[in-house]
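Please treat every number below as a calculation from the coordinates, not as lab data. Because the structure is a prediction, the values reported are computed rather than measured. All Cβ positions, even for glycine, are placed from backbone atoms using ideal geometry, and neighbour counts span all protein chains on display.
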Amino acid sequence: MYVPILIAGPCSVESEEQALQTASEIQHYMQESPNFQFLYYRAGIWKPRSDPDSFEGLGEKAIPILQKIKTQFDMDSCVEVAQPEHIEICLKAGIKVFWIGARTTVNPFQVERLAKTCAGEKGLTVLIKNPVNPDLKLWIGAIERFEKQGISNIYAVHRGFNIAEHPKYRNIPYWHIPIEFCMARPNIPLLCDPSHICGNKLWIREIAQKALDLAYAGLMIETHATPKYALSDANQQITPYELSQILKSLHLKTFEDKGKEELTQLRNRIEDIDEQLIFLLKMRLNTVEKIAKIKHQYNLPLLQPQQWKKVESRYLEFARQENIDKEVIQEFLNMLHVSSIQRQQGKD
Ligand code: PEP
Ligand code: MN
């Protein structure tokens, strides 16, 4: 059975009252969501903020609050760590679940320092958010740095990418990156953080559903007893009741062995189509070589932007008529063009 993990809790611990109230309500409403397994209470105590005058977390002062959450609700807290001292403080207090934030994952020196601080510690769990920029290798590299220090209980967290304005989301999801991540590291469970992708509570459900449709291992959702008074990320936090309503409405895929025959037929068809695609590509490349010979014979330039523009606009028009995603075709065309030029230069 597919029972996704849930990590929920406030963006930041703001006071004992806020943190305990939120934990208590989460515990209450999770009883109504047996389809999810509650794993950790997320609780930011050191907050990476753009504006230095904004609330930067309670820091070490929040540790006794997290300990109370453990004794009163038997919930393990999960804390963002960005400095070796953060890890040392947590370990002294018996907190053994950390997450590495998106602004830290971008920096291999810092990730290395954090991973070394964890070396030799038993029973740690580390969640590694994707870097703010869409760089799969950087994300995987951060994970490997922890693995090299003997940490084996690792989760990856997809929280979107912050490279340009998006009309709807705070961070662009770029689903192809977590999909490639799953292909590259299938044994690392991948979680989705819809709160930081969306930046607004309105879209959390739709992003969570997309992640579950891709069989993510679970979700991390910012949850606050009174979001409108939150000191950070107020727009994207939801109450524990709202969380329970979202969880109830999510549709979970099955991992049962169903639809096997239809799938086999369609997969065979895809194999045939792929074979034809390779054959067509080969024919195209052979034709490119003939063109190269003629250009060489008449001393014509290999790169002819006007001609390529014509090819490109024809393609994009076909794609539009066939309702194929423009970005996909554009990327395919760019690869095709580079490879054609390389063929004409005599190297592939
Ligand atoms: C957070 O989880 O509160 C946070 C700051 O996340 P991110 O690193 O994804 O921005
Ligand atoms: Mn946040």
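By definition, a body whose alpha carbon gyration tensor gives a ≥ b ≥ c is oblate when a/c is 1.5 or more and a/b is not larger than b/c, and region 257-333 fits this oblate description. What's the FRET efficiency of residue 135 with residue 51 using the Cβ-Cβ distance as r and R₀ = 25 Å, to the nearest 0.05? Taking R0 as 25 Å, the efficiency between residue 135 and residue 51 is 0.45.
Taking amide hydrogens as placed 1.01 Å from N in the peptide plane, the amide H of residue 44 sits under 5 Å from those of 12, 13, each at least 5 positions away in sequence or on another chain. Separation of the alpha carbons by more than 21 angstrom is noted, of 210/253; 96/116; 70/122; 137/210; 61/122, for 137/210; 61/122.
Model label sites at residue 337 and residue 260, defined 7 Å from Cα along the beta-carbon direction, differ in position by 4.7 nm. Normalising the average separation of contacting C-alpha pairs (under 8 angstrom, six or more residues apart) by the number of residues puts the relative contact order of the chain at 15 percent. Roughly what would the spin-label model give for residue 269 and residue 184, points 7 Å off Cα along C-beta, in nm? That separation, rounded to one decimal, is 3.3 nm. Using a Gaussian network model on the chain with a 10 Å cutoff between Cα atoms, which of 285, 266, 214 fluctuates the most? Checking each option, the largest mean-square fluctuation is seen for 285. Under a 5 Å amide H cut-off, with hydrogens placed 1.01 Å from N, residue 222 pairs with 195 among residues at least 5 apart or on other chains. With an a/c value of 1.5 or above and a/b larger than b/c for the gyration tensor axes a ≥ b ≥ c computed over the alpha-carbon atoms, the chain is described as prolate.
Overall form of region 173-303: oblate. Here a/c, set by the Cα gyration tensor axes a ≥ b ≥ c, is 1.5 or more, and a/b is not larger than b/c. Phi-derived couplings, Karplus 6.51 cos²θ - 1.76 cosθ + 1.60 at θ = phi - 60°, listed residue by residue for region 293-300: 4, 5, 4, 5, 4, 9, 6, 8 Hz, with x used for Gly and Pro.
Per-residue 3J(HN,Hα) values for region 136-141, derived from phi via the Karplus relation 6.51 cos²θ - 1.76 cosθ + 1.60 with θ = phi - 60°, read 4, 5, 5, 5, 5, x Hz in sequence order (x marks Gly and Pro).
As a rough guide to protection, the peptides 276-282, 123-129 ranked by mean Cβ packing within 10 Å, highest first, stand as 123-129, 276-282. Taking the C-alpha atoms only, the angle from helix 326-345 to the longest principal axis of the chain is near 50 degrees. The length gained by stretching the chain between residue 302 and residue 163 to full extension, at 0.36 nm per residue less their Cα-Cα distance, is 46.6 nm. Taking 19 Å as the cut-off, the amide N atoms of region 328-348 that come nearer than this to a point 7 Å along the Cα-to-beta-carbon line of residue 278 belong to 336, 348.
Charged side chains reduced to their Cβ positions (Lys and Arg at +1, Asp and Glu at -1) give region 205-283 a dipole of some 240 debye around its Cα centre. For the chain, the Cβ-based charge dipole about the Cα centre amounts to some 1100 debye (Lys, Arg positive; Asp, Glu negative; other atoms uncharged). Compared with the alpha-carbon gap, the fully stretched path from residue 1 to residue 289 is longer by 98.3 nm at 0.36 nm per residue.
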